[in-house]
Amino acid sequence: MSVSSLFVLIILGVVAAFYFSRTRSLNLARGLGGIKNLHSLPVYYGIQAALWCALPCILLLCVWTIFDDAIIRSMVVQYLPAEQQNLPKAEQALLLSSIENLANGVNLSNAGQFQDIADRINSLRSISNMALTVLLFCAIIATGAWGWFKVKPQYRARNGVERVFMLSLLGCSTLAIFTTVGIVFSVLFESIRFFNIVPVHEFVLGTQWSPQLSIREDQVGSSGAFGAVPLFTGTLLISTIAMIVAVPTGLMTAIYLSEYASSRVRLVVKPLLEILAGIPTVVYGFFAALTIAPMIKSGLHGLGFDLAFLGVSFGPLEVSGESALAAGLVMGVMIIPFVSSLSDDVINAVPQSLRDGAYGLGSTQSETMKNVIFPAALPGIVGAILLAVSRAIGETMIVVMAVGTAARLTFNPLESVTTVTVQMTTLLIGDHEFDSAKTLAAFALGLVLFIITLGLNFFALRIVKKYREQYD
Amino acid sequence: MTDKPLKTIDRVNRTLGKRHRAEKRFRLYGMLSIGFGLLCVLFLFTNIIGKGLNGFTYHFLELQVELDRETLEITDITNENQILAANYSGVVKRSVYEFFEAQGRKNKASARKLIATEGTGYILQGRLKENAEDLVDTQTTVWALVDDKVDFYLKRLGDPGEPGKHEFNEQQLQWIHEAVEAGKLKRKINWAFFNAGDSAHSEEAGIRGAVMGSFYLLLVTFCLSFPIGVSAAIYLEEYAPKNKWTDLIEVNINNLAAVPSIIFGLLGLAIFLAFFGLPRSTPLVGGFVLSLMTLPTIIISSRAAIKAVPPSIRQAAYGLGASKMQVTLHHVLPLAMPGMLTGTIIGLAQALGESAPLLMIGMAAFIPEIPAGVTDPATALPMQIFQWFRNADAGFNEKASAAILILLVFLIIMNALAVWARRRLERRW
Amino acid sequence: MNTNVMTETAGDIVAENKPVTADTIAEQNADAYETVGNAFCDQAKMSMRNVNVFYDEKQAIYDVNLDIGTNEVVAMIGPSGCGKSTFLRCLNRMNDTIDICRVEGQFYLEDQDINDKKMDVVPLRARVGMVFQKPNPFPKSIYDNVAYGPRIHGLADRRSDLDEIVENSLQKAGLWAEVKDRLHQPGTGLSGGQQQRLCIARTIAVSPEVILMDEPCSALDPIATAKIEELIDELSQNYTIAIVTHSMQQAARVSHRTAYFHLGKLIEVNETEKVFTNPDHELTEAYITGRFG
């Protein structure tokens, strides 16, 4: 039977277990003179039996389906001719998958000579399927019956159900930890493989980045230069431009809205600015590449000409159509509401009594802000800015769409640079095998990105939390 | 005493003007910042809407097409394969020559280039598939798709520099303008844009596949992240003891909320695709990745909603002898549900606009079919925009703008729903 | 921005609608009333006429007339929510920071109407300083706390002048001996009573003419309270002081005249001794004998 019909079978078994156990508990209750003489409500007996039936069976089904392909595959390898058994791992895997395709009735690559092996795979598969069906059927009946027999008046069914409930909640909440672990593992292992090919110091200190070109053909596995410094400087340049736009604007917006604006203005302006945070990054990227970049190119080009005309020897400014400036500006605009709403929270957390103290001495509003509230809120604001920086560094779509892929070691915002995230996407888009240094480099870049943003977030959240506690 | 206060106030007054000017300056900076922000919103929207509206319309030419068997190369009209493989471009080309009265090889080629013969052929194919018997050997009127260069040129007629004009020769320009003046060449809403999947030709490309892909993505994301997120929030608020383990979970959730989305893409690539061997470019894997990404948002907002339920309600239920699970399921959860839903909608809206992780798991692919399930290869709205953006063809750029408008409409609907849920359903204690 | 104050105000309004005794109902229904005793004086530093204060539509203060004499200490007492704090905050326009608060009437500081919208609040607050209910030192050093006022108002041209002002103010506030060795440590590290004296030092560093004190001892222990009361007594030689207090004993100890507020109305103003021994109005008597409060 197929997996989905087996699943349906389990569900039927679970429903039956629930129904019969509940009925049994009701019958028992009738004998004892009412439900109140049972430890738990009948429905809990039903759920208890259903859980006893469902959990082992689903586990069995999952484990079987996950491992059965791998087991069959390892069994098939020994049927291969000797020369195929000695093939490198990757080629062997390729061959096996084409044989599997053949077994599925798709003959894409000319693997016709392995028809007998394909047939063997099919027969192994049907045996496995048969065994699973029988086993599962027995398991359903056994576990269901066991759950049914356990129904006794003094049996603490509700406590059991509640325990499973609690454990499943706990399981859900630990998913966050597993996600983090998963991220660490997925980037770490591939990165270690990468650093076996390209030494760490070459990656961190090298100034040449050209993963597509093969410059040392004699060496195995190397397909280019992997010096990531130009990527780091490019990321830094664009993030700096973004922060130059976002921090003052966001901060002043937060200050004006919380200290000056009337509540009616706040009510209108705040959601309007929040719109900026809700627009997908792909839209910003589109906007940056097709509207802002040409505007900057034509605008600044004219400016350079004018200055030369006035006798200042600038000459026409060379502006790239994929300038870092365009991406940085648009990214800054995207981050404005992020900075402003975080700073707004922080500024509002400063107690009113400090404001009263300053006003009572005759401070103007700006003096109160600059001398009292801002210093008091500074840790929180620094935390907010760190979070914003980590966002700018990790931002992908804007730079992918508005910035080039040529790695250039420059701090000129009018030139085209590339960033860590851009390189990650260009290296990973399309088909790729997991062994080339090119693909692995993307994971190494991911590791760097993850470490940096994690560090920034960690400190930022700690600072903000400390700061909140100070005034709570 | 008598002269000291006077001295103070004099000194105060001495610097007063300067201080008030500083105050005004400061206030001005604030207003400029807000003005800048609002201006950005305005500019962004006018720019996007201005560009995007063009993508919904297209120029069509009213053609009389003779559907005779010989040219169509159909011998048996009940044979479906023949209907599908018939020579539609042949009949379209013929009627184009007739329409423009084109004589000679060179002129015919010029006329042919003005019309998207294949796209128009598909329209005819669709009609014949439904009702071949009545249509074959008759004459029928069809609004034929023009070539995308013609559309580009006509949409920008008034613009300085006459963009796109250089693509045509004198004869073609004359034909185009004659057809426009005769009312035969018209700008109409391009319904194919809403009904078709992606295509290699911009005039035939539609958004349907991407919308369905996004729908399946969100479906998977919702089905996973809502129950898991709510469960995690309940555990953390109602059950979790104050210990290192709980702290670890909380630190993890807060950090995950700020991890760049592209990293989640790497996770999906390495774990779901490479390790578990799940199929690439499917909404299933995309949904897994987006669920992990939106979980922190949902958990954080659900926790806030649970916190807002007053403890008195819990105490009342405990007082009646309810167990912890009963208190949670019967009282806390229903009361916190509106807040949780609001948070979930906002999380899903984020997921809808998210691109970077989908890029990593291969959803930026050319997929002309409309997906019918979560395991079919699919693309998503942001990915479709990105794909069309990368296409050098000017026609696709217009489609990308239109797709952005569609994406924004969906986002606005979702956010409006969240605001509505917050206003109407959420109870204030 | 003003959440703290607003909630307080909301409390005031609720309390105002709640009748305390049978007399208060009669009192509340009366359209006009007259303050008994002696609300005026010859050498008035500040004189308030026809003061009405509203929070949105709710009226918090009804037609109050009061003079505060030069170098005089006036105490304002009354049950919670009677408007005494609101009235005090009008005297240096602190109510401007509350959006929904509307103040009507004339407030003369010497011969200047300070409630005039054209009046600049910055020099006004330099002349009329304020000490708040809870000690609110800035999160800066002790020195910077005291030096803050002189700095923003440009009262010291040289560093040495500033040092002198800081030392003088701290000495006047009776805090110098305790903090002279740790002037550059944060002011928030002091004890509650020391913090409040620091706030007083901060206020007098600007050399105001009038000091307003809004329940300055309510957050302090008895020993710290005694020190502050001593300080008020000393300050009264050079400054005009208006103090709002919850403690009748405190009013009796520190003030020259006492004003009794009730549900936004100024019921009685008299010499402190008279108010506490032989009040003119029955409500005052009811309050000081503890029948409500």
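The values are calculated or read from the model by the stated rules, or taken from the named source; none is laboratory data. Just so it is clear, the structure is predicted and the values come from calculations on it, not from any experiment. Quick reminder, even Gly has a Cβ in these numbers, built from the backbone with ideal geometry, and neighbours come from all protein chains shown. For the accessible areas, the whole protein counts, side chains as well, though only heavy atoms, and no ligand, DNA or RNA atoms are used. Shrake-Rupley method; radii C 1.70, N 1.55, O 1.52, S 1.80 Å.
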(message) With the requirement that a residue be buried (at least 20 other Cβ atoms within 10 Å of the Cβ), at pLDDT 75 or above and more than 39 Å from the chain's Cα centre (by Cα), what does segment A:98-147 give you?
(response) A:Ile117, A:Gly144, A:Gly147
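With the structure loaded, tell me whether B:Ala349 is open to solvent by 20 Å² or more (accessible area, probe 1.4 Å), assigned by TED's automatic domain parsing to the domain that holds B:Phe215 and either part of a loop (DSSP other than H, G, I, E, B) or among the small types (Gly, Ala, Ser) (or both) or whether it fails that test.
no
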(message) Looking only at helices (runs of 4 or more DSSP H) that lie completely in segment A:321-400, which have at least 1 residues being within 11 Å of chain B (Cβ to nearest Cβ) and closer than 30 Å to B:Asn47 by Cα?
(response) A:324-349, A:374-394
(message) Show the residue pairs meeting these rules: Cβ distance below 6 Å; 6+ apart or different chains; first residue within segment C:98-113 and under 16 Å from C:Gly69 (Cα atoms) and open to solvent by 60 Å² or more (accessible area, probe 1.4 Å); second residue at pLDDT 85 or above and assigned to a strand (DSSP E or B).
(response) C:Tyr108/C:Ser47
(request) Please give the number of the condition B:Arg390 fails out of (1) at the interface with chain A (Cβ under 10 Å from one of its Cβ atoms); (2) buried (at least 16 other Cβ atoms within 10 Å of the Cβ); (3) farther than 30 Å from B:Leu333 by Cβ. (result) (2)
(request) Go through segment C:210-293 and tell me which strands (runs of 3 or more DSSP E), entirely inside it, have 1 or more residues that are in contact with a Leu (Cβ under 7 Å, 6 or more places away or on another chain) and over 19 Å from C:Gly129 (Cα atoms). (result) C:257-262, C:265-271
(message) Regarding segment B:285-301, can at least one residue be identified that is within 11 Å of another protein chain (Cβ to nearest Cβ), open to solvent by 20 Å² or more (accessible area, probe 1.4 Å), modelled with pLDDT under 95 and not in a helix (DSSP H, G or I)?
(response) no
(message) Being touching a residue at least 40 places away in the same chain (Cβ under 8 Å) and open to solvent by 40 Å² or more (accessible area, probe 1.4 Å) is the filter here; which residues of segment A:72-97 pass it?
(response) A:Met75, A:Tyr79, A:Ala90
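Yes/no matrix, rows are residues, columns are (1) open to solvent by 30 Å² or more (accessible area, probe 1.4 Å); (2) at negative phi; (3) small (Gly, Ala, Ser):
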site: A:Phe338; (1), (2), (3): yes, yes, no
site: A:Ser341; (1), (2), (3): yes, yes, yes
site: A:Gln352; (1), (2), (3): no, yes, no
site: A:Val372; (1), (2), (3): no, yes, no
site: A:Pro379; (1), (2), (3): yes, yes, no
site: A:Ile385; (1), (2), (3): yes, yes, no
site: A:Val389; (1), (2), (3): yes, yes, no
(message) Need pairs with beta-carbon distance below 8 Å; first residue facing chain A (nearest Cβ under 7 Å) and within segment B:29-42, second open to solvent by 30 Å² or more (accessible area, probe 1.4 Å) and β-branched (Val, Ile, Thr); sequence gap 6+ or separate chains.
(response) B:Val41/A:Ile275
(request) Report, by residue number, each residue of segment C:203-219 that is over 14 Å from the mean Cα position of the chain (by Cα) and surrounded by fewer than 22 Cβ atoms within 10 Å (Cβ to Cβ). (result) C:Ala219
(message) Of the conditions (1) facing chain B (nearest Cβ under 9 Å); (2) crowded, with 20+ Cβ neighbours inside 10 Å, A:Ile429 satisfies every one except a single condition; which number is it?
(response) (2)
(request) Check segment A:215-231 and report whether any residue there is within 30 Å of B:Gln350 (Cβ to Cβ), modelled with pLDDT of 90 or more and in contact with a helix residue (DSSP H, G or I) (Cβ under 7 Å, 6 or more places away or on another chain). (result) yes
(request) Name the residue, out of B:Thr71, B:Thr75, that is more than 10 Å from chain A (Cβ to nearest Cβ), β-branched (Val, Ile, Thr) and open to solvent by 50 Å² or more (accessible area, probe 1.4 Å). (result) B:Thr75
(request) Taking A:Arg158 as meeting all but one of (1) surrounded by fewer than 20 Cβ atoms within 10 Å (Cβ to Cβ); (2) of a type in the set (Lys, Arg); (3) within 14 Å of chain B (Cβ to nearest Cβ); (4) over 30 Å from A:Asp68 (Cα atoms), write down the number of the exception. (result) (1)
(message) Out of the residues in segment A:234-291 meeting the condition of being more than 10 Å from chain B (Cβ to nearest Cβ) and touching a Ser or Thr at 6+ places or on another chain (Cβ under 7 Å), tell me which one is nearest to A:Ser340 (Cα to Cα).
(response) A:Ile238
